[in-house]
Structures are given as C-alpha cells and as structure tokens.
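Structure first, then comments.
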Protein chains: 2
Amino acid sequence: MTLSPTPRSTIKRGKNRAVTDRSALHAVLDAGLVCHLAVVVDGAPVVLPTGYGRDGDTLYLHGSTGARTLREAGSGVPVSVAVTLLDGIVYARSVFDHSMNYRCAVVHGTAVPVTGDEAKSHALRVLTEHLSPGSWEHARRPSARELAATSVLALDLAEASVKIRTGPPSDEDEDVEAGIAWAGVLPIRESFGTPEPCPLLPEGTAVPEHVSARR
Amino acid sequence: MTLSPTPRSTIKRGKNRAVTDRSALHAVLDAGLVCHLAVVVDGAPVVLPTGYGRDGDTLYLHGSTGARTLREAGSGVPVSVAVTLLDGIVYARSVFDHSMNYRCAVVHGTAVPVTGDEAKSHALRVLTEHLSPGSWEHARRPSARELAATSVLALDLAEASVKIRTGPPSDEDEDVEAGIAWAGVLPIRESFGTPEPCPLLPEGTAVPEHVSARR
C-alpha cells in the first residue's frame, strides 16, 4: 500500500524528499520515541508532545484522562501527528542552502478512543513496548483503576506522508566552483547513557538486560 | 516576566512539572534544533517540523515562500509551536508509572511575516546562527533573489509554557516496598558525529573550527 492517497498528505514542497512506501512510514515511526500531536481547541491549534506506539497501521497515543487536549483529540475532530528524527546539520557554501538531514512522518486523521479493558490493555502493551521494550514483562501490569485512569487513542495510518533528506548539501554550481566555504554534514547521533538506578532500589540491584542492552 | 499569563498557556496537568520563569523558556528553545509548528488548514490541524531561531522574546520560523502551511501560518491565524527535548526513559516498577524525562516549550500566538530586506536579513542571521553557529560569517550570505525566495515568520514569545520532568520514577509506595522490578532512568544523549565533508570539496580541505569544535 502506498502513502499519500489524499491531497493534504501529498507532499508538494521538496518532492524529491517524499517517500511513498508504507515500510518507510513504519520505519520512521518505529525509530522515534515521541510524537507531536496537533488538535484544534477553541478555534486555535494546540501542539503537544506525547508518547506513542505502532501496531500494524494503527498508531496509539496516550495520556491522562484529565488532559483536555487528549480529550479533544478523541472527540471525533481531525488531528495531525508528526514524528521527526534529526540526522544531521547540512552546512552549505551558501547560507541559503543550509539544511538538515532528517526523517519525518506526518499522519492526518481522526483519533478514536480505545475502550474496553482488553483493547486498552493491548494498546498499553504496544505503547509500553515502544517506550521501553521488555517492561511489559518485567514491570507490574496496569490495575483496573490504572486502566480506567489512562486515556488511549487510536489513529489509523491510512493518510500519511514521509519526507526524508539525506546526503551532502545541494549548492549552486557557481558556489561549488568558487570554493567559497567548507561544506558537508555534521551528523547528529542519539544514544543511551549509563542507566541511573532509582535511589529507592536495594543496594546492588542488577540492571536487567532489557535496560542495560538497549541500543 | 513570568510565563503562563493566559488560561491556554497555564499548565493544568502535571503542575509540578510546570516551570514559570522566562529564562527556562529561553533555555529550552536555545537547546533545541527543530520545532513543530501547528496551524489550521481547511479546518484541520497540520503539524510540521521546521527550523527556528530566537532573538530575545521573538521566535523566527522559516521556509520556502511556496510552502502552503507556512503561508497559512503567516496569514494572521493562531499558531502553536512546540520544542521538545528528550532526556531519558523513566523505567518504573509499574507499567503505569513509566514516563520520560524531557523539557518542552509550547508557544501560542499569531505569527507575522517578516518583510523588508534588513529585517529579513536579521531574522535569517538569527535562524542560521541557531542551526549552525558560525555559518553567517563563514558561508555566502543570501542574495536579493534568495531573500525574496525565503519566507520568514516572527512569533512573539509572550504566551508560552514550559514543562520539565527530571529525576527517578514516581512509583506507588507499595510497589517500591514489594521490590517487584528494576526502576531508574536510561539517559538519552544527543551528540555530533565526525563531520562528513561534501564530496565536491577539494581533497584535503580542512574542517573549520565552528564545525569541528561544535558540541
């Protein structure tokens, strides 16, 4: 299934950076940790970061049942979600051609509240395993009270676009020939540091492998 | 000047994570590289990543003059901008208390197109020096044609909120006492890799210090 089936999810600017296969969408979503959710509240857009998880072509978002933005997002109104990964800073010979290397997925649709203990529990498992693979097995699962206090939305990935920029700067030929400046890419890398155990853990508690071996 | 002067920029959820001094807002904006801009287009929210730069209490955003979302964003309608920095994954004893350590700034307002060569040039300098400090001096400055092809918006930082989570998980007392799982924080670090020179550069061109020494 290809992406961009509607006008608003068809990339007009920078078409050469548009990617149209669904596996690219999945790859960007799977590589990110946080998304930015936009919803209209009282006539104005509100954008907020939230955790998410993907199961097939469903994106799950969650938060507290008390969060107004999430309540609004689940009330049948259109929403937009973006996941952006920065890969590098593109230094060009001209200021104008400076850029960034990045991977970005944008999804448009209507988010639906996930209801029923079984469906909610499944969604929370997907969300948990995205944020912290291994935690669903390792940590205490949600109680009925905790399930009730968590709001989960499901957003279909049918309408989405992916934009990716890679590689060196695209300078004007005359700037390249004039040799006026250094040009290239400064890569951006995200990595995990040394785990910091909770101070309330008993002394000498080993860090489990799902945390220590995470890359 | 404190933050949160209006209801929509007053944080209701997780009040203990709200920060109300303006220097915290500036610090989050200065530490990020990309923002997420939300605007309403044809009645639906659209969220997109874009570059930005800050000068005092003005946030500059830019893009191509052909980008519809940017044109809409500068047409006098309300916009929302978020900058989010992820600092760690919070592993709790319960799935429910899993979280993230982060710093997030959200700005609400009306973006105004920056016009006039002098004002535009100043804004582009701010944007360039945010993305790639040193490039304004090192690289070729924008030509009149390039200035005309660049759309720059200015957004006042008057209405903004900052939310920060730091530290270990906040588990329930019974989960801590039961010692049911490992708990702690897996820090997330962003760093720059080795500069990758443009293949069109003459062999042996030295990497300038504003790139090689960037941290």
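Throughout, read-outs are computed from the coordinates displayed, never taken from laboratory work. On a predicted model such as this, the values are computed, not experimentally measured, just so you know. Every residue, glycine as well, gets a Cβ built from its backbone with ideal geometry; the counts of neighbours run over all protein chains shown.
Couple of notes before you dig in:
- Inter-chain shielding of A:23-36 (mean C-beta neighbours from other protein chains, 10 Å cut-off): 2
- Rg(Cα) / (2.2 N^0.38 Å) computed for the protein assembly as shown, rounded to two decimals: 1.00
- Modelled label positions at B:ALA148 and B:ALA206, each set 7 Å beyond Cα in the direction of Cβ, lie 3.9 nm from each other.
- Whole-number percent relative contact order across segment B:7-212, with pairs defined as alpha carbons under 8 Å at least 6 apart: 26 percent
- Overall form of segment B:7-212 per C-alpha gyration tensor (a/c, 1.5; a/b vs b/c): oblate
- Cα-projected label distance for B:ASP117 with B:ARG22, points at 7 Å along beta-carbon direction, nm: 3.3 nm
- Shielding of peptide B:191-203 by partners, expressed as the average count of other chain Cβ atoms within 10 Å per residue Cβ, is 6.
- With helices as the sole contributors, the protein assembly as shown gives -6000 deg cm²/dmol at 222 nm; each DSSP H run of n ≥ 4 counts as -39500 (n - 2.57), and the sum is divided by every residue.
- Cα-based helix-to-principal-axis angle, A:22-31 vs chain A, degrees rounded to 10: 70 degrees
- In this calculation the C-beta distance from A:PHE192 to B:THR194 is compared with R0 = 35 Å, giving a FRET efficiency of 0.95.
- Inter-chain shielding of B:79-85 (mean C-beta neighbours from other protein chains, 10 Å cut-off): 5
- 3J(HN,Hα) from dihedral phi, segment B:143-158, Karplus parametrisation 6.51/-1.76/1.60, rounded to Hz, x for glycine, proline: 7, 4, 5, 5, 4, 5, 8, 10, 9, 10, 10, 10, 10, 6, 8, 4
- Inverting the pair-averaged 1/r between distinct Cα atoms of segment A:137-215 gives 19.7 Å as its Kirkwood hydrodynamic radius.
- Residue order, fewest to most beta carbons within 10 Å, for B:ASP175, A:ASP42, A:ASP57: A:ASP42, A:ASP57, B:ASP175
- Counted by neighbouring Cβ atoms within 10 Å, the residues B:ILE188, A:ILE180, B:ILE89 run from fewest to most as A:ILE180, B:ILE188, B:ILE89.
- Non-local lysine pairs in the protein assembly as shown, meaning eight or more places apart or on different chains, with alpha-carbon distances under 21 Å, amount to 4.
- For B:TYR91, B:TYR60, the sequence from fewest to most other C-beta atoms within 10 Å is B:TYR60, B:TYR91.
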